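Have a look at the structure below before the remarks.
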């Protein structure tokens with residue numbers, strides 16, 4: 001999973017990255033401003049939309065602070081569940097309340113304690129993986145529900161009237177294509193169609209007189 005570190009001080013970015021790399025996190029990208037971070041997330045001009053699974057966001061930055069960046073991230077429906085951990089030296093209750101109100105999911109105090117950083121990132125990653133798995137299951141269920149709906153509709157068609165070609169006996173599908181009867185039945189009934197000769201045809205064939213050679 002990929003971590004985006006947003007801080008206008010290079011030393012702070014390197015410190016966070018080094019701590020996370022020692023804990024086994026290898027995919028780390030950087031932004032030296034809130035605007036650059038938003039661009040990496042696919043927001044605004046010059047957006048590149050990098051794959052990011054968690055954001056470490058400094059609150060005090062020039063031009064645009066971390067609070068405004070959080071608000072813009074949350075305003076994008078693609079990113080409304082992206083974990084954003086603010087990294088701040090501000091510890092007043094009002095500052096933390098403002099961060100949560102803006103959309104932060106957690107916070108880390110400066111100076112950063114390595115064990116706390118790793119623990120909070122690990123927790124955020126676990127929650128993100130759990131959320132992604134749930135969304136994937138919901139998407140699979142939705143796809144299965146749609147497929148079931150199509151199957152029900154197709155079964156209704158089978159119970160209704162089928163359009164057959166009077167000459168070649170092909171079946172006209174719901175999409176307007178002509179399909180061999182065998183293929184149509186195999187697809188709709190999920191059954192393998194085999195060929196044989198019924199007793200009537202066998203009897204009729206055997207009763208025909210042999211031609212003189």
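The values are calculated or read from the model by the stated rules, or taken from the named source; none is laboratory data. All of these numbers come straight from a predicted model, not from anything done at the bench. Cβ: placed from backbone, ideal geometry, glycine included. Neighbour counts: every protein chain shown.
Observations
- Subset tally (residues that are buried (at least 17 other Cβ atoms within 10 Å of the Cβ) and over 13 Å from residue 119 (Cα atoms)) for region 17-30: 2
- When each of 67, 127, 117 is tested for being under 15 Å from residue 7 (Cβ atoms), in the same structural domain as residue 29 (by TED's automatic domain parsing), assigned to a helix (DSSP H, G or I) and out of contact with any strand residue (DSSP E or B) (no Cβ under 8 Å at 6 or more places or on another chain), the lone residue that passes is 67.
- Some residue of region 73-80 being in contact with a helix residue (DSSP H, G or I) (Cβ under 7 Å, 6 or more places away or on another chain) and at pLDDT below 90: yes
- Scanning region 73-114 for residues being free of Cβ contacts under 8 Å to residues at least 40 places away in the same chain and in a helix (DSSP H, G or I) gives a total of 15.
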